[in-house]
Amino acid sequence: MRSPTELTTWKKLADHQQEMNSIEMKSLFEADPKRAEKYTTHAAGWTLDYAKNRANEKTLSLLTDLVKEAGLEDTIKGMFSGAHINNTEDRSVLHIALRASQAQESLMVDGVNVLEEVRATLKQMEKFVAQLHSGEWKGHTGKTITDVVSIGIGGSYLGPKVVAEALTPYKKDDIKVHFVANIDGSDITGKLKQLNPETTVFVISSKTFGTLETLSNANAARDWFLSHGGSEASVSKHFAAVSSNVKKAVAFGMAKENIFPMWDWVGGRYSLWSAIGLPVAIAVGMDNFYELLDGAHQMDEHFRTAPFEENLPVIMGALGVWYINFHNAQTHALIPYDHYLRAMPAHIQQLDMESNGKANLLNGDGVETDTGPIIWGGAGTNGQHAYHQLLHQGTRLVPVDFIAPLASHNPIGEHHTQLFANCLSQSQALMVGKTLEQAEQELRDAGATTDQVAKIAPHKVIKGNRPSNTLLTDKMTPATVGALIALYEHRTFVQGTIWGINSFDQWGVELGKVLGTDIFNRLVSDSDNSALDASTQALIKAFKKAQA
Ligand SMILES: O=P(O)(O)OC[C@H]1O[C@H](O)[C@H](O)[C@@H](O)[C@@H]1O
């Protein structure tokens with residue numbers, strides 16, 4: 001329950017940063033021919049090359065000391081044993097249990113073996129998925145199901161949607177899975193236009209069954225069903241729910257056997273491994289969903305048991321803190337060189353920013369350091385034609401995680417080799433940059449005049465010395481995708497432990513919801529808004545004028 005600045009290693013790292021300021025990464029390679037080999041580690045089907053970092057042996061030793069002094073050994077034990085490490089909600093944090101149930105017999109939490117509940121829910125999912133794909137599940141007119149629509153938002157949407165997309169090569173072709181999240185009517189109306197109410201099942205995913213967007217979309221789907229031949233009596237044939245609020249789900253019209261449980265010890269952004277992942281299981285089959293869980297479990301065991309010096313989440317988490325708190329990096333970019341993984345940054349954005357976007361220590365005191373960074377990114381090579389300019393020549397330090405498979409699911413021509421070459425070239429360019437002399441010579445070689453060289457060369461200089469990690473896997477499979485997301489979950493936890501914050505609550509999202517309800521009521525009534533700020537008053541007036 002302390003500020004990281006109280007840790008003795010924190011001061012040592014601040015001094016060390018001064019030493020490292022004058023050392024360029026490329027010189028570290030010249031000084032140690034074995035650097036690449038030393039700064040590569042493996043786990044759960046992934047290889048992490050962290051050699052292109054502003055770090056030498058002393059840096060890594062200090063970072064390992066930092067995580068130890070921060071108590072990571074204890075917080076890992078706490079998580080895996082079901083301790084209530086989510087201290088503000090007095091809850092365990094056990095997304096690891098969701099993928100342990102096939103390999104482990106029991107995990108006692110508050111006197112209950114949670115793995116029994118997890119296994120029972122997986123069986124319930126298995127049955128539901130089998131009924132849909134076998135044709136046993138029929139709609140109210142006796143037709144088999146062709147489409148499943150998942151309605152949810154935040155952690156009840158992003159994880160499943162990103163994983164379903166990442167596993168496109170494994171999708172079954174008899175049932176199409178769609179995702180609706182936004183309360184913007186364009187989202188659900190766009191989907192409903194494509195659907196046949198006789199052959200569509202909606203899965204309403206909401207841990208609380210109280211989220212405005214999800215309930216509004218669920219009711220719109222229900223209205224659509226009822227106005228297109230459906231009846232109250234047949235709602236249960238076309239609606240299922242994933243929620244910890246069974247009472248509300250039953251009241252909506254779901255049959256109890258089609259309500260899949262969720263537990264308080266699973267945070268929304270960590271819930272894709274639970275029945276929230278039902279859309280994934282329907283899309284790619286339960287066997288591949290079990291593979292996903294197993295891949296994540298392999299990464300869990302690595303994180304739990306591997307020495308910190310070889311531990312992928314620990315190395316990546318600690319290096320992230322090195323840049324955020326000792327180099328003032330405000331953001332961190334994820335750039336998957338894999339088309340199917342293009343949406344992954346959006347999931348990790350919620351995972352990390354909702355976990356570590358905090359300003360209070362575990363004991364409630366304000367933090368004295370920066371905490372969670374802005375996570376962003378997008379698919380390579382697309383980003384090279386969009387925002388890589390800033391990465392190379394902007395004024396900000398943006399550490400990058402490059403993620404790439406060694407083999408493609410869709411080999412064609414030289415595409416994959418070109419893609420991979422671009423991934424490596426970007427991390428190399430970030431590190432080596434381009435000197436003024438090199439820029440001048442390049443221009444001379446291209447026939448530029450002396451004046452042109454003098455004018456243009458400074459604009460072509462690239463500082464370099466910009467850090468990146470490269471994560472490689474043989475292929476994106478359910479197991480390696482599962483391991484990758486688990487890797488980032490634990491990386492987030494490592495950083496939260498260092499900063500001494502609670503990574504598992506999200507009080508910050510409450511205010512917007514409360515104010516949103518108040519504004520909604522003002523938009524639909526003739527309320528006196530004079531107590532509001534002039535901006536909000538004017539905006540409410542503009543909206544109401546447009547509706548008139
Ligand atoms: O699953 P639900 O209860 O509908 O919550 C959906 C999402 O909304 C909340 O605002 C939280 O920020 C997210 O962590 C959560 O995943």
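The values are calculated or read from the model by the stated rules, or taken from the named source; none is laboratory data. This structure is a prediction, so every number in the text was calculated from the model and none was measured. Cβ sites come from the backbone with ideal geometry, for glycine too, and all protein chains shown count toward neighbours. Accessible surface areas use protein heavy atoms only, side chains included; no ligands, DNA or RNA. Shrake-Rupley method; radii C 1.70, N 1.55, O 1.52, S 1.80 Å.
If you check G135 against the conditions, is it within 13 Å of the ligand (Cβ to nearest atom) and open to solvent by less than 30 Å² (accessible area, probe 1.4 Å)? Full working, then the answer.
On the way: within 13 Å of the ligand (Cβ to nearest atom): no; open to solvent by less than 30 Å² (accessible area, probe 1.4 Å): yes.
The answer is no for G135.
Open to solvent by 50 Å² or more (accessible area, probe 1.4 Å), more than 22 Å from D294 (Cβ to Cβ) and touching a residue at least 12 places away in the same chain (Cβ under 8 Å): does that describe D49? Spell out how you get there, then give the answer.
Details: open to solvent by 50 Å² or more (accessible area, probe 1.4 Å): no; more than 22 Å from D294 (Cβ to Cβ): yes; touching a residue at least 12 places away in the same chain (Cβ under 8 Å): yes.
It is false that D49 is open to solvent by 50 Å² or more (accessible area, probe 1.4 Å), more than 22 Å from D294 (Cβ to Cβ) and touching a residue at least 12 places away in the same chain (Cβ under 8 Å).
I'd like the full set of residues that are assigned to a helix (DSSP H, G or I) and surrounded by fewer than 17 Cβ atoms within 10 Å (Cβ to Cβ), limited to the stretch 498-518.
First, pick out the residues of the stretch 498-518 that are assigned to a helix (DSSP H, G or I): 498-499, 508-518.
Matches in the stretch 498-518: G508, V509, E510, L511, G512, K513, V514, L515, G516, T517, D518.
Please state which one of T208, T214 is open to solvent by 40 Å² or more (accessible area, probe 1.4 Å), within 24 Å of M125 (Cα to Cα) and either away from the ligand (no atom under 16 Å from the Cβ) or not charged (D, E, K, R) (or both). Show your work before the answer.
Working: T214 fails: open to solvent by 40 Å² or more (accessible area, probe 1.4 Å).
None of the others qualify; the one that does is T208.
Scanning the stretch 255-291 for residues that are part of a loop (DSSP other than H, G, I, E, B), open to solvent by 10 Å² or more (accessible area, probe 1.4 Å) and hydrophobic (A, V, I, L, M, F, W, C), which turns out farthest from the ligand (Cβ to nearest atom)? Before you say what the answer is, go through the steps one by one.
Initial filter on the stretch 255-291 (part of a loop (DSSP other than H, G, I, E, B)): 255, 262-267, 271-274, 285.
If we keep only those that are open to solvent by 10 Å² or more (accessible area, probe 1.4 Å) too, we end up with 255, 262-265, 267.
Those still in the list that are hydrophobic (A, V, I, L, M, F, W, C) too: 255, 262-263, 265.
Working: A255: 20, M262: 8, W263: 12, W265: 14 Å.
It comes out as A255.
Hey, any hits in the stretch 451-470 for a residue that's modelled with pLDDT of 95 or more, surrounded by 15 or more Cβ atoms within 10 Å (Cβ to Cβ) and within 16 Å of the ligand (Cβ to nearest atom)?
no
Hey, among the residues in the stretch 220-254 that are more than 30 Å from A97 (Cα to Cα) and among the basic types (K, R), which one's most open to solvent (accessible area, probe 1.4 Å)?
It comes out as K237.
Out of the stretch 100-123, which residues are touching a residue at least 60 places away in the same chain (Cβ under 8 Å) and assigned to a strand (DSSP E or B)?
Passing the criteria: only V109.
So, in the stretch 87-120, of the ones that are among the polar types (S, T, N, Q) and buried (at least 20 other Cβ atoms within 10 Å of the Cβ), which residue ends up farthest from the chain's Cα centre (by Cα)? Give the derivation first.
Within the stretch 87-120, the subset among the polar types (S, T, N, Q) is 87-88, 92, 101-102, 104, 106, 113.
With the extra rule that they be buried (at least 20 other Cβ atoms within 10 Å of the Cβ), the set shrinks to 92, 101.
Details: S92: 20, S101: 23 Å.
Here the residue is S101.
If I ask for residues that are within 13 Å of the ligand (Cβ to nearest atom) and assigned to a loop (DSSP other than H, G, I, E, B), which ones from the stretch 138-186 would you list?
G152, I153, Y157, A181, N182, I183
Taking only pairs six or more apart or across chains, which ones have beta-carbon atoms under 6 Å, a first residue in the stretch 499-520 that is near the ligand (Cβ under 9 Å from one of its atoms), and a second residue that is of a type outside the set (F, W, Y) and in a helix (DSSP H, G or I)?
Matching pairs, first to second residue: Q506/E354.
Within the stretch 372-386, can one find any residue that is of a type outside the set (G, A, S) and touching a residue at least 60 places away in the same chain (Cβ under 8 Å)?
Narrowing the stretch 372-386 to residues of a type outside the set (G, A, S): 373-376, 381-382, 384-385.
Filter once more, so that each one left must be touching a residue at least 60 places away in the same chain (Cβ under 8 Å): none.
No: the stretch 372-386 contains no residue that is of a type outside the set (G, A, S) and touching a residue at least 60 places away in the same chain (Cβ under 8 Å).
For the stretch 433-468, enumerate the residues that are small (G, A, S) and either assigned to a helix (DSSP H, G or I) or more than 40 Å from the chain's Cα centre (by Cα) (or both). Give the derivation first.
Looking only at the stretch 433-468, we keep the residues that are small (G, A, S), and these are 433, 439, 446-448, 454, 457, 464, 468.
Correct list: A439, A446, G447, A448, A454, A457.
Please count how many residues of the stretch 236-254 are in a helix (DSSP H, G or I) and either within 14 Å of the ligand (Cβ to nearest atom) or over 15 Å from I145 (Cβ atoms) (or both). Walk me through how you get there before you give the answer.
Taking the stretch 236-254 and keeping what is in a helix (DSSP H, G or I), we get 236-237, 246-252.
Of the ones still in play, those that are also either within 14 Å of the ligand (Cβ to nearest atom) or over 15 Å from I145 (Cβ atoms) (or both) are 246-252.
Final tally of qualifying residues: 7.
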